[in-house]
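Only one structure is covered here, and it is reproduced in the block below.
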Amino acid sequence: MTQDDTGAARVPVPQRRILATEIPGPRSKELASRRERAVAHGVSSSTGVYVDDAAGAIVRDVDGNCLIDLGSGIAVTTVGHADPPVVQAVSEQVARFTHTCFMVAPYEGYVAVCEELAKVTPGDHEKRSALFNSGAEAVENAVKIARHATGRQAVAVFDHAYHGRTNLTMALTAKNFPYKDHFGPFASEIYRAPMSYPLRDPEGMTGEEAASRAIDQLSVQVGAGNLACVLIEPIQGEGGFVVPAPGFLPALASWCADHGIVFIADEIQTGFARTGAWFAVEHEGVVPDLMTTAKGMAGGMPLAAVTGRADLMDDVHPGGLGGTYGGNPVACAASLAAIRTMRELDLPAAARRIEGQARPRLESLAKQHPEIADVRGRGAMLAIELAEPTSLRPDAAAAQAVAHACHAQGVIVLTCGTWGNVVRLLPPLVIGEDLLEEGLEVLGAAIGDVLG
Ligand SMILES: *Cc1c(COP(=O)(O)O)cnc(C)c1O
C-alpha cells in the first residue's frame, strides 16, 4: 500500500466501476479551470476527468470515480495500468540511474530491448534496432533510413493514414483537421495512394485489386524507381481502425520487394499483442523490411523503435541516428518488464479472447441499429463506424455523443476516423471478463440512447 500527499494510506484501486460524483466531478472541474489559464489550448483532452491513480483496467479520478478504461491512453497500457513488474523495474532503475545518454555512456537495457525486438518481430533474418522517444520520431527515422539505404527520396503513404504530428509526419498523415491545419509548409516528396477500405470501396473489391489500384497510381504518378519506401499501418489507427481486405498488404509488400522499395510497417498502434498476434502484419504473413513500434511497448513509459533488416539499418553512418533521450534507461527497464508480462500472460491470446467476447456484442448492436455501418478490427483493437445507412454519410456527431455518454457513465472510449465517426475500443489486455462485459453494457446503453 502506498501513501498519499498527507501520508495517509492509499486505498488500492479497485477493479470495478464506481460513480462517486457526476463525471466530471468538482475537483476535476477545478483542475479544468486552472488548466484554462496555464495549458495551451491547442492541447485537448477527450474526457473531462483528471487522474489520481490507475491500476489494471481502472482509472481513478480526483473525485474518487473509478472508470473502466477501454482506451489504454491510446493503446499504450497494454499490460494494464501500474503493472506490478513494470512498477518494480522502473523503481529499481530510477534508483540506479535515470540517464547517461546512450550516445555518451551506453547501458545494457538498451541492448536488451533491441535483442527482444529482434526476437518478437516477424522474420528470421538478421535485424538491428534503434530506440527513440515517440512514435513520430520512430517514423521520421524509418524514413531517414529508407532514404539513406536506397538513395531515393519519394515516400508513399495512404489515404486515412496517421503517422504523427512533427513536420515530416504531418506530411505523412492524411487528415487535415486538427493535425495539419495552418501548420504548413510540409515536407516534399510524399505521395498518397488509395487505401483498401472495404466498407467504402466498390462492392466485392479484393485486397489484390485494391493493391493494384494503389500500385498503378504510384507507378504512374511517382515511378517505382523513385520510391525509397512504402509506409503503411497494417490496420489503420487514428484513420478509423480500417482493416484492409485480405491480400492487400502481401501484394504491396511483394511489389516493394520486386522494385527495391523498403516496405515499412507502422505498428505503433497495432504492435505488441494488441491485435491478437505480436504484430498485425503476422495475420497476413507479411515480413516488413522495417517496422516502427511505440505505444504498447513500454508499459506507459515513452519509448519507440525502428527495427529491421541489418543491411538497411547499418547503411547509416555512425552518428546519423540518435537523440539525447532515445532509449532512456527507465523506459528500457519498463519495456523489458512489459514484454515479459506479455509473454508470461500470453497477451496475444488475451487479445483474441477480448475479440471473442466483444465482437459478438458489437455485431448484435449493429443488427439493432442500422446506423452502425461496420464492426471491424482485430483482437483488442475493435471499432464501430457510424453512418447514415443508405448513403454511408459519416455521422461524427453520433460518435461524439456515444463517447460522451460512456464517459459520463464511467467508461472511457475513444473516437477516431477520417470523419470522426468511429468509436474505438482499446482495452488493456489484462482486463477481466466481468469488467469488459460491464464496459460493453454501458457502451450498448449509450448507443441505444444516442441512436434511439
Ligand atoms: C500514435 C501513432 C503515431 C505517433 O506516435 P506518437 O508517439 O504520438 O508520436 C504514429 N503512427 C501510428 C500508427 C500511431 O498510432
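The values are calculated or read from the model by the stated rules, or taken from the named source; none is laboratory data. The structure displayed is predicted, hence computed values, not measured ones. Positions of Cβ are generated from backbone atoms using ideal geometry, with glycine treated the same way; all protein chains shown enter the neighbour counts. The area values use the complete protein model at the heavy-atom level, side chains included, leaving out ligands, DNA and RNA. Shrake-Rupley method; radii C 1.70, N 1.55, O 1.52, S 1.80 Å.
Going by the conditions given, is Val94 among the β-branched types (Val, Ile, Thr), touching a Gly at 6+ places or on another chain (Cβ under 9 Å) and more than 13 Å from the ligand (Cβ to nearest atom)?
Working: among the β-branched types (Val, Ile, Thr): yes; touching a Gly at 6+ places or on another chain (Cβ under 9 Å): no; more than 13 Å from the ligand (Cβ to nearest atom): yes.
Answer is no for this residue.
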When Gly448 is evaluated against the numbered criteria (1) part of a strand (DSSP E or B); (2) under 29 Å from Arg16 (Cβ atoms); (3) open to solvent by 10 Å² or more (accessible area, probe 1.4 Å), which criterion, by number, is the only one it fails? (1)
Odd one out for Trp255 among (1) within 19 Å of Ala211 (Cα to Cα); (2) open to solvent by less than 20 Å² (accessible area, probe 1.4 Å); (3) of a type outside the set (Ser, Thr, Tyr): (2)
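To keep it simple, each residue is scored yes or no on (1) open to solvent by 20 Å² or more (accessible area, probe 1.4 Å); (2) within 16 Å of the ligand (Cβ to nearest atom); (3) over 21 Å from the mean Cα position of the chain (by Cα).
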{"position": "His148", "(1), (2), (3)": "yes, no, yes"}
{"position": "Val155", "(1), (2), (3)": "no, yes, yes"}
{"position": "His160", "(1), (2), (3)": "yes, yes, no"}
{"position": "Gly207", "(1), (2), (3)": "no, no, yes"}
{"position": "Ala211", "(1), (2), (3)": "no, no, yes"}
{"position": "Asp216", "(1), (2), (3)": "yes, no, yes"}
Return the pairs, sorted by first residue and then second, in which the second residue is surrounded by 15 or more Cβ atoms within 10 Å (Cβ to Cβ) and part of a strand (DSSP E or B), the first residue lies in region 215-231 and is not assigned by TED's automatic domain parsing to the domain that holds Arg147 and of a type in the set (Val, Ile, Thr), the beta carbons are less than 8 Å apart, and the residues are 6+ apart or on different chains. none
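Among the hydrophobic types (A, V, I, L, M, F, W, C), open to solvent by 20 Å² or more (accessible area, probe 1.4 Å) and within 16 Å of the ligand (Cβ to nearest atom): which single residue out of Met291, Met301 fits that description? Please lay out each step first, then the result.
Values: Met291 fails: open to solvent by 20 Å² or more (accessible area, probe 1.4 Å).
On inspection, the qualifying residue turns out to be Met301.
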Could you tell me whether Ala387 is modelled with pLDDT of 95 or more and more than 26 Å from Val51 (Cβ to Cβ)? yes
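Can you name every one of the strands (runs of 3 or more DSSP E) wholly within region 26-142 that holds 3 or more residues which are aliphatic (A, V, I, L, M)?
On the way: elements: 51-55, 58-61, 66-69, 127-132.
Per the criteria, 51-55.
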Within region 112-125, can you find the residues that are surrounded by fewer than 16 Cβ atoms within 10 Å (Cβ to Cβ) and either within 18 Å of Val86 (Cα to Cα) or touching a residue at least 24 places away in the same chain (Cβ under 8 Å) (or both)? Ala112, His125
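So which of Arg10, Arg34, Arg16, Arg27 ends up being in the same structural domain as Gly439 (by TED's automatic domain parsing), touching a residue at least 24 places away in the same chain (Cβ under 8 Å), over 26 Å from the mean Cα position of the chain (by Cα) and open to solvent by 60 Å² or more (accessible area, probe 1.4 Å)?
Values: Arg10 fails: open to solvent by 60 Å² or more (accessible area, probe 1.4 Å); Arg34 fails: touching a residue at least 24 places away in the same chain (Cβ under 8 Å); Arg16 fails: over 26 Å from the mean Cα position of the chain (by Cα).
Just one listed residue meets the conditions, Arg27.
Check region 184-194 and report whether any residue there is within 11 Å of the ligand (Cβ to nearest atom) and of a type outside the set (Asp, Glu). Before you say what the answer is, go through the steps one by one.
First pass over region 184-194, keeping only residues within 11 Å of the ligand (Cβ to nearest atom): none.
No - not one qualifying residue is present in region 184-194.
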How many residues, within region 143-170, are part of a helix (DSSP H, G or I) and hydrophobic (A, V, I, L, M, F, W, C)? 6
